[in-house]
Amino acid sequence: MIVVNGPADWKPLEIEPDGVEPSVLGLVEYLRGQADFGEVLTREKVVVFRGFNVPEQELEPVMDLLLPNRLSYLHGTSPRTKVGSNVYTSTEYPPEETISMHNELSYSHEWPSRLFFYCATAPATGGATPVVDGELWLASLDPEVREAYAGGLRYTQNLHDGLGLGRSWQEAFETDDQEVVESFLDGGEADWKWMPDGGLRITTQIRPSTLKHPVTGAEVWFNQSDQFHPASLGNDMAAELAQIMPPEELPQSVAFADGSPIPDEYVLQVRDRGLEAAVDVDWRQGDLMVVDNVAVGHGRRPFTGDRRVLVAMSG
């Protein structure tokens with residue numbers, strides 16, 4: 001078993017050029033000199049590379065080394081733009097909004113083990129990517145909340161057919177082929193049905209609220225209940241929709257595994273304590289970051305100015 005830092009004193013590992021030139025060639029040289037970057041990432045949980053001055057058009061050789069099995073963003077809920085081969089913009093929510101902590105695709109039956117972030121354009125102010133140790137996040141919650149979540153969660157999604165609230169099923173699954181979508185959902189034993197208007201309703205089978213890390217065995221908070229719950233919707237229009245529409249008709253919603261509602265105060269505690277326990281990673285142009293998606297949750301702080309951060313993921 002790999003020994004990792006305790007969650008109370010954890011922070012990301014930052015690596016700058018040392019003995020190699022500050023360039024994409026220098027970073028590639030450094031990475032090829034590492035016996036096992038996966039072991040480093042498991043131990044450190046988040047690794048940030050600064051000062052290597054990697055241009056966006058030269059990311060491929062770096063990603064080839066850091067993401068051995070690059071995945072598409074299938075079943076994704078957040079608005080993104082695909083800009084390359086399984087490379088996407090980070091979530092395109094308004095800059096004044098905070099994106100709460102989450103583990104990517106933890107509501108799905110398939111999630112990436114590793115995330116890659118690249119800063120193409122640094123914001124004028126703010127815009128950090130906060131990261132939170134999943135053990136610390138779990139420990140920060142009241143026992144009552146942890147116990148209530150122990151039985152797991154059910155997520156519901158309503159994906160429209162091209163016109164409506166949230167994402168379309170074509171965007172979420174990157175296909176126009178219904179059979180491809182059905183095969184993916186059947187693989188995760190989800191309940192789904194095509195709606196009369198051409199949309200798709202998905203109700204997952206039970207998903208866990210916590211997960212044991214496959215290498216370290218550490219139990220971590222691992223779900224996206226606060227992002228699916230109406231109580232934590234971040235803007236007035238969304239909150240108004242939640243008041244006039246039943247949860248099962250919203251673009252996304254969540255309940256406990258037995259179908260009972262999750263109290264608002266539980267969801268808000270999960271959201272707020274995750275953000276409070278997080279460590280901010282501030283961006284400079286050309287920075288790169290790799291995240292263990294099981295061990296660590298991530299989010300986004302509000303910002304001003306232009307901010308362009310690219311994201312990729314691997315199994």
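The values are calculated or read from the model by the stated rules, or taken from the named source; none is laboratory data. Keep in mind that what you see is a predicted model, and the values were worked out from it rather than measured. No Cβ is skipped: glycine too gets one built from the backbone with ideal geometry, and neighbour counts run over all protein chains shown.
Below are the figures for this structure:
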{"read-out": "Residue in the range 173-207 that is farthest from Gly162 (Cα to Cα), counting only those that are out of contact with any Ser or Thr (no Cβ under 7 Å at 6 or more places or on another chain), of a type in the set (S, T, N, Q) and surrounded by 15 or more Cβ atoms within 10 Å (Cβ to Cβ)", "value": "Thr204"}
{"read-out": "Matching entry among Thr210, Thr175 (being more than 25 Å from Ser260 (Cβ to Cβ) and of a type in the set (Ser, Thr, Tyr))", "value": "Thr175"}
{"read-out": "Flag if Val294 is in contact (Cβ under 8 Å) with a residue 60 or more places away in the chain, among the aliphatic types (A, V, I, L, M) and in the same structural domain as Arg80 (by TED's automatic domain parsing)", "value": "yes"}
{"read-out": "Candidates Pro263, Pro247 - the one that is out of contact with any Lys or Arg (no Cβ under 6 Å at 6 or more places or on another chain), over 28 Å from Trp169 (Cβ atoms) and either modelled with pLDDT under 95 or not assigned by TED's automatic domain parsing to the domain that holds Gly51 (or both)", "value": "Pro263"}
{"read-out": "The lone exception for Arg273 - which of (1) modelled with pLDDT of 95 or more; (2) within 23 Å of Pro94 (Cα to Cα); (3) touching a strand residue (DSSP E or B) at 6+ places or on another chain (Cβ under 8 Å) it fails", "value": "(3)"}
{"read-out": "Residue among His109, His213 that alone is out of contact with any Phe, Trp or Tyr (no Cβ under 8 Å at 6 or more places or on another chain) and closer than 25 Å to Pro12 by Cβ", "value": "His213"}
{"read-out": "Residues (surrounded by fewer than 18 Cβ atoms within 10 Å (Cβ to Cβ) and either of a type in the set (A, V, I, L, M) or under 23 Å from Asp64 (Cβ atoms) (or both)) located in the range 285-315", "value": "Gln285, Arg308, Gly315"}
{"read-out": "Output for the range 109-149, where each listed residue is β-branched (Val, Ile, Thr) and touching a helix residue (DSSP H, G or I) at 6+ places or on another chain (Cβ under 8 Å)", "value": "Val132, Val145"}
